[in-house]
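The values are calculated or read from the model by the stated rules, or taken from the named source; none is laboratory data. As the structure is a computational prediction, the values presented were derived from the model and not from experiment. Using ideal geometry, Cβ is built from the backbone for each residue, glycine included, and neighbour counts are taken over all protein chains shown. Surface areas here come from the heavy atoms of the whole protein model, side chains and all, with no ligands, DNA or RNA. Shrake-Rupley method; radii C 1.70, N 1.55, O 1.52, S 1.80 Å.
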Amino acid sequence: MADRIYYPNAELARTAYCNSVEQYKQMHEKSIKHPEEFWGEIAKQFYWETTSSNDKFFSYNFNRNDGDIFIKWMEGASTNISFNLLDKNVKCGNGDKIAFYWEGNDIEDYSRLTYRKLLEETCKFANVLKSKGVQKGDRVAIYMPMILELPIAMLACTRIGAVHSVIFAGYSSDSLAERVLDSKAKVLLTADGVWRGPKFLNLKSICDQAMAKVKSHDHKVESCIVVSHLRRVTSPPGSTSDGEKTKNINNGTTNGRSNEMNLSWDDDRDCWWHEEMEDAEASCYPVWVAAEDPLFILYTSGSTGKPKGVLHTTAGYLIYAATTFKYVFDYKPNDIYWCTADIGWITGHTYVVYGPLANAATSVLFEGTPFYPQNDRYWSVIEKYKVSQFYTAPTAIRSLMKFGDDLIKKYNLRSLKVLGSVGEPINSEAWLWFYNLIGQGKCSIADTFWQTETGGHVITPLPGATPMKPGSATFPFFGVLPELLDEDGKIIEGEGEGYLVFRQPWPGMMRSLYGNHERFETAYFDKFNGFYCTGDGARRDADGYFWVTGRIDDMLNVSGHLMSTAEVESVLAEHTAVAEAAVVSKPHPIKGQCLYCFITTNEGKNFDKQLQDELKKKIRERIGPFAQPDVVQHAPGLPKTRSGKIMRRILRKIAIGDRNVGDTSTLADESVVDLLFQLRPNA
Ligand code: PRX
């Protein structure tokens, strides 16, 4: 029953860090009323080379009339994140503890990495970066699959104060080039290639194309460091000094597939990771950076089509990632935690790398897909590593539901304690399936609402404290003060639905958009002065629970991947046959939403199957495979207002075949609506 309340398992609640609604309320209140005290206490867990004074601990301005928008936490403090995540954990006796179990795409490929070894590899690679001329503040672009070298590379950047910009290794060369160019990255890190399920991705060749494009825009990537992942010539990072022998991953002919490939190579620019690492020093003194020095840039879609380089800084992000991880997953020292998200997205940054390592956690790092070699891969990995916290996305849950329950019942999933969901609203059917079948009715589900911009969870249940309602992200995390506003910016009290905004910053919130503070201010603070605007709508019920309903701006969320209508439309419009394109989302049973494109062709150009295929291919190539539209429809005209604005509300109705389109009186030409209904592919 979807409207039932599900209480935390008593056994879990007994030992939870936060184990009652009362305790949550007290902690939340303190975090809002006395942020310096609340976060100051938490900050003591970490090492600070210099500290912040109480009066400088927290300052901000959210009001456009009072000057620039700014957010500062722990001014005056300095630290190093890799030191806190690695050296400190090793010093505290966790040197031999596993930081990551690596599980490859193929079942027989696996490895592991202890905290000590992770520190050593990080220092070595930091020295490699230094040898390539990378200094504090320089940007390093990372386009890598889910391999151990990826967290090593990120941590090596933090070691020397360089700023990493990880780009999801499913993006096309154009998208990669655009991001490398925007951040003016000096170095690009990648791998030769990767198998994702049965599909091969030639990463180095995508990087070559991207670097050529970047060069044509007068920026030069000085070095490209390539992990030999397909044909490992040395052992993977975890296999040397841990005592236990692990398998040499990807020996070149996994599952009988030959990994022979032609790599093009520029001797002045390209080098192999393992060759550079051979002679690198295993120690590297950390560069102490200021609390508000940049830690990383992560690009997310913007409504104008140009991606936004979300900038996160050091101290606030560290304490927020650590604290959300600890409380939301209720991670205990012997637990095995697994987040299935790719590190190329914010979930992977905060909850595969920074949050877990800041808590000296042991995690699974998974390279593969849920469907390879069989549709039971997730369940077999949970059983293999005795996973206690499992964090995934609603789209994955929905796609696995359809394979039936027998596939799951073969496995022992009793190790699970907490389940997590992220990326989009979880429908109650998927929630209940996750709860009953995977969690066997005894695990709490943390439906975590957050964004690339928020850095960490902002609305989420706490597993030992919060009574759950399927589909509700429940209540704000510590430090977070949400409000619902109506169209005029008036605060909605009590029950109601409106724009989800935040009144004040929490430590992990973004600080700016890289190289464009003005855009940061207009994109997030112009709509409602004094509030950070999420772009999402939400409802608050009579019990005060938040239900995030999804984007109310021009963003599309396909399988948890955000993109903007403008981004897709501008690629479609580049085709010589296309005069105009309009893109909307349509509900999809597995992906949550899918893309539905309306195309007006140029005079004399035919709208046929070939054009549809070409347009789909173009989107795949220019943005990435995840953005491929499900439907491309002919639109001899588009529903526009007299001032020329496309009425997407009407297009969304046409996409789902709902004739109830509402008021059309502002349309310049009402007849276009009927025509578009007639031209629907299934009409
Ligand atoms: O629309 C919300 C949705 O994902 C958007 C953020 O996307 P991104 O920056 O790519 O980060 C995804 C991972 C944090 C949000 O604006 N979203 C994310 N989590 C939820 C969600 N919508 C509803 N419920 C959630 N739990």
> Are there any strands (runs of 3 or more DSSP E) wholly within the range 544-663 with 2 or more residues that are within 16 Å of the ligand (Cβ to nearest atom), and if so which?
Replying inline: 546-551, 555-558, 561-564, 578-588, 592-601
> Name the pairs: first residue in the range 325-353 and open to solvent by 20 Å² or more (accessible area, probe 1.4 Å), second residue among the basic types (Lys, Arg), Cβ to Cβ under 6 Å, at least 6 apart or on different chains?
Replying inline: Ile336/Lys386
> Could you list, in sequence order, the residues of the range 450-466 that are within 12 Å of the ligand (Cβ to nearest atom) and either among the hydroxyl-bearing types (Ser, Thr, Tyr) or at pLDDT below 95 (or both)?
Replying inline: Thr452, Thr454, Thr460
> Just one of Phe371, Phe366 is within 16 Å of the chain's Cα centre (by Cα), more than 16 Å from the ligand (Cβ to nearest atom) and among the hydrophobic types (A, V, I, L, M, F, W, C); which is it?
Replying inline: Phe366
>> Can you tell me which condition Ala430 does not meet? The list is (1) more than 16 Å from the ligand (Cβ to nearest atom); (2) of a type outside the set (S, T, N, Q); (3) surrounded by 17 or more Cβ atoms within 10 Å (Cβ to Cβ); (4) without any contact (Cβ under 8 Å) to a residue 40 or more places away in the chain, and all the others hold.
In response: (1)
> Which of the residues belonging to the range 331-360 are charged (D, E, K, R) and either within 14 Å of the ligand (Cβ to nearest atom) or under 19 Å from Phe46 (Cα atoms) (or both)?
Replying inline: Lys332, Asp342
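Kindly evaluate Lys124 against the criterion of being of a type outside the set (A, V, I, L, M, F, W, C) and closer than 18 Å to Cys224 by Cβ.
No.
Could we say that Thr395 is open to solvent by less than 10 Å² (accessible area, probe 1.4 Å), of a type in the set (S, T, N, Q) and within 16 Å of the ligand (Cβ to nearest atom) here?
The answer is no for Thr395.
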> In the range 473-493, which residues are touching a residue at least 40 places away in the same chain (Cβ under 8 Å) and farther than 30 Å from Glu37 by Cβ?
Replying inline: Gly489, Ile492
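Each row is one residue, and each column tells you yes or no for (1) of a type in the set (Lys, Arg); (2) more than 10 Å from the ligand (Cβ to nearest atom); (3) open to solvent by 10 Å² or more (accessible area, probe 1.4 Å).
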residue: Cys443; (1), (2), (3): no, yes, no
residue: Thr448; (1), (2), (3): no, no, no
residue: Met468; (1), (2), (3): no, yes, no
residue: Ala473; (1), (2), (3): no, no, no
residue: Phe478; (1), (2), (3): no, yes, no
residue: Asp488; (1), (2), (3): no, yes, yes
residue: Gly496; (1), (2), (3): no, yes, yes
residue: Leu500; (1), (2), (3): no, no, no
> For the range 627-683, which residues satisfy the criterion of being acidic (Asp, Glu), at pLDDT below 90 and open to solvent by less than 70 Å² (accessible area, probe 1.4 Å)?
Replying inline: none
> Out of all the residues in the range 526-543, which are out of contact with any Asp or Glu (no Cβ under 8 Å at 6 or more places or on another chain) and either aliphatic (A, V, I, L, M) or part of a loop (DSSP other than H, G, I, E, B) (or both)?
Replying inline: Asp526, Lys527, Phe528, Asn529, Gly530, Asp543
> Quick check: anything in the range 369-378 of a type outside the set (Asp, Glu) and either at pLDDT below 95 or part of a helix (DSSP H, G or I) (or both)?
Replying inline: yes
>> Here is a list: Asn94, Asn19, Asn54. Which entry is open to solvent by 30 Å² or more (accessible area, probe 1.4 Å), of a type outside the set (Asp, Glu) and closer than 22 Å to Pro463 by Cβ?
In response: Asn19
>> Please determine whether any residue of the range 402-412 is in contact (Cβ under 8 Å) with a residue 24 or more places away in the chain and within 13 Å of the ligand (Cβ to nearest atom).
In response: no
